[in-house]
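Enquirer: Please find one structure pasted underneath; my questions will follow.
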Amino acid sequence: MSIVQVVKACPLFYELYDQEIMKIVEKCRVETLSPGQYMFREGDTGNEVFLILNGNAKVLKKDIVLANLRKGDLFGEMVLLKDPVRQADIYIDSYTDILVLEYDDIFGLYETNSKLFSLIMLNLSRMLATRLRDAGTTIKRLSLDLSKVELDRKEAS
């Protein structure tokens, strides 16, 4: 699978044509990381968004796995909302190639191709709305699980 195909499958780039994706990818770089490395740590700052081309990584918060990332997954996207502070650790599980997209390259599209920029921002909104909805579902499930544990504890006393 080519880099363009991996990028095209990422929700941030839905509905973009191959030639539009190529314009973005041309400005990117690829980093290869080894198992046990961190892409970044919670509290670090940066201005890049990352897309896994192959390999695996984990999103960690205080050594708790929040998500498992694989080919086609995007992370660090909060930088596009002007939040340069990283909110979790990204731990690399296996040899992993990561496409690095710079904030300035994405926002430079605002001046050079406003339609493309608007579509990326719309996709970002959709992506974040989905993650927010999924987080709400997880919180509800955990709350119900906690209530059940507390009820079981009271009944056992």
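The values are calculated or read from the model by the stated rules, or taken from the named source; none is laboratory data. Just so it is clear, the model here is predicted, and its values are computed rather than measured. Note: ideal-geometry Cβ built from the backbone for every residue, glycine included; neighbour counts use all protein chains shown.
Enquirer: Picking from Val30, Val49, Val65, which residue would you name as being closer than 18 Å to Gln87 by Cβ, in contact (Cβ under 8 Å) with a residue 24 or more places away in the chain and either part of a strand (DSSP E or B) or of a type in the set (A, V, I, L, M, F, W, C) (or both)? Steps first, please.
Expert: On the way: Val30 fails: closer than 18 Å to Gln87 by Cβ; Val65 fails: in contact (Cβ under 8 Å) with a residue 24 or more places away in the chain.
That would be Val49, the only listed residue that is closer than 18 Å to Gln87 by Cβ, in contact (Cβ under 8 Å) with a residue 24 or more places away in the chain and either part of a strand (DSSP E or B) or of a type in the set (A, V, I, L, M, F, W, C) (or both).
Enquirer: Can you tell me which residue in region 22-76 is surrounded by the fewest Cβ atoms within 10 Å (Cβ to Cβ), limited to those that are over 15 Å from Val4 (Cβ atoms) and among the acidic types (Asp, Glu)?
Expert: Here the residue is Asp63.
Enquirer: So, in region 68-80, exactly how many residues are in a strand (DSSP E or B) and touching a helix residue (DSSP H, G or I) at 6+ places or on another chain (Cβ under 9 Å)?
Expert: Start the filter on region 68-80 by keeping residues that are in a strand (DSSP E or B), which leaves 68-69, 74-75.
Checking the rest, the ones that are also touching a helix residue (DSSP H, G or I) at 6+ places or on another chain (Cβ under 9 Å) come to 74.
Total meeting the criteria: 1.
Enquirer: List pairs: first residue in region 119-146 and modelled with pLDDT of 95 or more, second residue among the polar types (S, T, N, Q) anywhere in the structure, Cβ distance under 7 angstrom, at least six positions apart or on different chains.
Expert: none
Enquirer: Scanning region 1-27 for residues that are in a helix (DSSP H, G or I) and among the acidic types (Asp, Glu), which turns out farthest from Leu80 (Cα to Cα)?
Expert: Result: Asp18.
Enquirer: On to the next question. Scan region 1-27 for residues that are within 16 Å of the chain's Cα centre (by Cα) and touching a residue at least 60 places away in the same chain (Cβ under 8 Å) and jot them down. Reasoning before the result, please.
Expert: Just the residues of region 1-27 that are within 16 Å of the chain's Cα centre (by Cα), to begin with: 6-14.
Across region 1-27, the qualifying residues are Val6, Val7, Ala9, Cys10, Pro11, Leu12, Phe13, Tyr14.
Enquirer: Could you please give the count of residues in region 85-116 that are touching a strand residue (DSSP E or B) at 6+ places or on another chain (Cβ under 6 Å) and among the hydroxyl-bearing types (Ser, Thr, Tyr)?
Expert: 2
Enquirer: Considering each of Lys82, Lys62 in turn, give the residue that is of a type in the set (Lys, Arg) and over 29 Å from Tyr17 (Cβ atoms). Break it down into steps so the answer makes sense when it comes.
Expert: Values: Lys82 fails: over 29 Å from Tyr17 (Cβ atoms).
Selected residue: Lys62, the only one of Lys82, Lys62 that is of a type in the set (Lys, Arg) and over 29 Å from Tyr17 (Cβ atoms).
Enquirer: Then there is this: Quick one: in region 81-101, of everything that is acidic (Asp, Glu) and part of a loop (DSSP other than H, G, I, E, B), which residue is modelled with the lowest pLDDT?
Expert: The first filter runs over region 81-101 and keeps only residues acidic (Asp, Glu), leaving 83, 89, 93, 97.
Next cut, part of a loop (DSSP other than H, G, I, E, B) only: 83, 93.
Details: Asp83: 87, Asp93: 94.
By that ranking, first place goes to Asp83.
Enquirer: Would you check which residues across region 1-20 are surrounded by 13 or more Cβ atoms within 10 Å (Cβ to Cβ) and closer than 16 Å to Lys71 by Cβ and list them?
Expert: Once the filter is applied, which keeps residues that are surrounded by 13 or more Cβ atoms within 10 Å (Cβ to Cβ) and closer than 16 Å to Lys71 by Cβ, region 1-20 yields Ile3, Val4, Val6, Val7, Lys8, Ala9, Cys10, Pro11, Leu12, Phe13.
Each row is one residue, and each column tells you yes or no for (1) more than 21 Å from Ala9 (Cβ to Cβ); (2) touching a Ser or Thr at 6+ places or on another chain (Cβ under 6 Å).
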{"site": "Gly55", "(1), (2)": "no, yes"}
{"site": "Lys58", "(1), (2)": "no, no"}
{"site": "Ile64", "(1), (2)": "yes, no"}
{"site": "Asn68", "(1), (2)": "no, no"}
{"site": "Phe75", "(1), (2)": "no, no"}
{"site": "Leu81", "(1), (2)": "yes, no"}
{"site": "Val85", "(1), (2)": "yes, yes"}
{"site": "Ala88", "(1), (2)": "yes, no"}
{"site": "Ser94", "(1), (2)": "no, no"}
